[in-house]
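Worksheet: one structure, shown below.
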Amino acid sequence: MTVATGLALYDRAASEAAARVIAAYSTSFSLATRLLGERARPHIRHVYALVRVADEIVDGPAGEAGVGPAERRALLDALEQETTDAVARGFSANLVVHAFARTARECGIGPDLTEPFFSAMRTDITTTTHDAASHDAYVYGSAEVVGLMCLAVFVNAGTSRPARPAEHLVSGARRLGRAFQDVNFLRDRADDERRLGRDYLGIAEEGDRAALLDRVDDDLACAAATIGELPPDCRRAVTAAHDLFAELARRLRMGEGTERVRVPASRKAVLATRAWLGAGPSGGSR
């Protein structure tokens, strides 16, 4: 058995650190990544870990530690610069950034995706109320480009030279990311307004909420049509994630309870098993 040393050991430690982040913060996403093949699984964890650290700078933990808005902006700027530098040089003293840089270099994730992401994160420091235009710009940077990062992993992990994914797969990844974000906005709406003072949706009437859920269903349906064209070792995980959010959208449409809408663990297990057995994505909430 070969024992990792030097850079190989550091790479492994960075990857394990990223996996620990995802396990601590998202049981649902952690479950979905376990359905990925070994080729793509660590890279998706690397992407998620960086996204989560950036989000934690602009939201709760940094503020709870007494870090003010200007300092949070400086921390976020520093994280972006460290990410850019690490992708260029192939190393970072920050384990999460190092893991992401490895993935970016192998899978072709460039500043066309990282810059909109960090720009959206900065928006959270300065903007509390969104209109339709700012909502769409925020969702592109905070969610759609993350979907595109994941697509780059699905297509390019393990290849010698990264290639741009097909346009219909790009559209599917963007629409799936948008659906995920809008579902999260709806289920977190009360907490966002109470704890963070933010309104991402600008929903004034129940009809607005129904129209948003209709768009979520359309986005999920369009994304579902492309899942079967992803590499085989990625389809089950994306199907499970798609079906989880389709279930959340269904429960949001039904208006179940007054608490944050959740999918019970038993139902998550059914969705994951269904995906593992090769079933295609389920329908939407209508």
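The values are calculated or read from the model by the stated rules, or taken from the named source; none is laboratory data. Note that the structure is a prediction, hence the values are computed from the model and not measured. Neighbour counts are summed over all protein chains in view; Cβ atoms, including those assigned to glycine, are modelled from backbone coordinates with ideal geometry.
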Q: Mind checking which helices (runs of 4 or more DSSP H) fall wholly inside segment 45-123 and carry at least 2 residues that are closer than 23 Å to S28 by Cα and at pLDDT 95 or above?
A: 95-107
Q. When you go through A133, A163, A173 one by one, which is the residue that is assigned to a helix (DSSP H, G or I), in contact (Cβ under 8 Å) with a residue 12 or more places away in the chain and of a type outside the set (S, T, N, Q)?
A. A173
(Q) Given the options R45, R72, name the one that is surrounded by 13 or more Cβ atoms within 10 Å (Cβ to Cβ), within 22 Å of I109 (Cα to Cα) and basic (K, R). (A) R45
Q) Looking only at residues in segment 2-14 that are surrounded by fewer than 22 Cβ atoms within 10 Å (Cβ to Cβ) and modelled with pLDDT of 85 or more, which one is nearest to G110 (Cα to Cα)? A) D11
**Q.** Matching entry among T103, T84 (being free of Cβ contacts under 8 Å to residues at least 40 places away in the same chain, among the β-branched types (V, I, T) and surrounded by 14 or more Cβ atoms within 10 Å (Cβ to Cβ))
**A.** T84
(Q) Looking for something modelled with pLDDT of 90 or more and within 30 Å of A166 (Cα to Cα) - is there at least one such residue anywhere in segment 184-199? (A) yes
Q: List every residue pair whose Cβ atoms sit under 8 Å apart, with the two residues 6 or more apart in sequence or on different chains, where the first one lies in segment 194-214 and is assigned to a helix (DSSP H, G or I) and among the charged types (D, E, K, R) and the second, anywhere, is crowded, with 16+ Cβ neighbours inside 10 Å and modelled with pLDDT of 85 or more.
A: D208/L201; R209/L186
